[in-house]
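What follows is one structure encoded as structure tokens, with my remarks underneath.
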Amino acid sequence: LSGGFGAVTLGRNTSPYDDVSADHAMMEQSIFDPSNTNNGNPASTAASLNTPSSAASFLNRNSSWIGYNTRFNNSIRYDSPVFAGVSGAVLYAFGEDKKAATGTAQSVSASNSFSASLKYVNGPLLVSGGYQSEGIARTAALKPRLENMLVNAMYDFGVARVGVGFNRAKYNDVAAPAVVGLAAPGAASFDAQKEWSLSVAVPVGAATFSAGYAQSKGDTLGKSSGVGVQATYALSKRTTVYLGAQSTKAYDTLVSQITSGALAGYTANASDIGRVRYVGTGIRHTF
């Protein structure tokens, strides 16, 4: 439903946070972009934190940022009109997993989610921000959530486009593995990951050369960083050839915590340093 007031959509919607997530990414969020390219199912990432034997494994990924869900079922979304270059959007997803707690009569509420964005565009300058809070499958005792908060800036100098992004990702109320001797795990909020990205794209005729660097760092989950390069050449309006490479590296502090820290007694199944490197080339045709 749309009009002068903006637009309202119901059903399976793309999140407003996802709309602005790539505003800092001059590499077009391709597989060579080391920042937010690992989106789609961070719920399983959070779930892995509930399992001591696999708690360290989630850093073995092809991205330096934690990521987020891009679409939500059972949601309502509002998009505002553009006022003097400013526009915004909000989304609320009601969730579809309300249930009774196992073995009790207590009801477990659905894992609802919220997302919002705000954008300002004025000539070559773009500034945007986004917030997203995702509910992950709840229990009677825990209501885990993944929160992301992002600020972007991009400026087109003509000879080059430069983008920078700052993101804060945090897991709240996930099940922390119990210290040896305790009967059950308790609730925990993992320290926020501070993430940033810098990228540049230089157009040269039908070709575009781009590069980016991204880093995610936090006291609980460790540090990861990555660099990527990419070249594209437009054969036509719809057909493009590309060549690129990416290298990411993750230092996993959970390994040391499991070895001698608060989680002592559990066995980590991952190295303290994980590396992913790859190169690729191909041709892309859009319909």
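Residues in region 189-204 that are at pLDDT below 95 and open to solvent by 30 Å² or more (accessible area, probe 1.4 Å): Ser189, Asp191, Lys194, Trp196. Per the conditions (1) touching a strand residue (DSSP E or B) at 6+ places or on another chain (Cβ under 9 Å); (2) modelled with pLDDT under 50; (3) surrounded by fewer than 17 Cβ atoms within 10 Å (Cβ to Cβ); (4) under 30 Å from Thr232 (Cα atoms), the sole criterion not satisfied by Ser53 is (4).
Tallying residues that are open to solvent by less than 70 Å² (accessible area, probe 1.4 Å), modelled with pLDDT of 95 or more and part of a loop (DSSP other than H, G, I, E, B) within region 159-181 yields 1. In the set Ser128, Ser115, Ser133, only one residue is touching a His at 6+ places or on another chain (Cβ under 9 Å) and at pLDDT 85 or above; that residue is Ser128.
Got at least one residue in region 67-80 being in contact with a Lys or Arg (Cβ under 9 Å, 6 or more places away or on another chain), surrounded by 19 or more Cβ atoms within 10 Å (Cβ to Cβ) and under 24 Å from Ala25 (Cα atoms)? The answer is yes, given that some residue of region 67-80 is in contact with a Lys or Arg (Cβ under 9 Å, 6 or more places away or on another chain), surrounded by 19 or more Cβ atoms within 10 Å (Cβ to Cβ) and under 24 Å from Ala25 (Cα atoms).
The values are calculated or read from the model by the stated rules, or taken from the named source; none is laboratory data. All of these numbers come straight from a predicted model, not from anything done at the bench. Quick reminder, even Gly has a Cβ in these numbers, built from the backbone with ideal geometry, and neighbours come from all protein chains shown. These area figures cover heavy atoms from the full protein model, side chains too; ligands, DNA and RNA do not enter into them. Shrake-Rupley method; radii C 1.70, N 1.55, O 1.52, S 1.80 Å.
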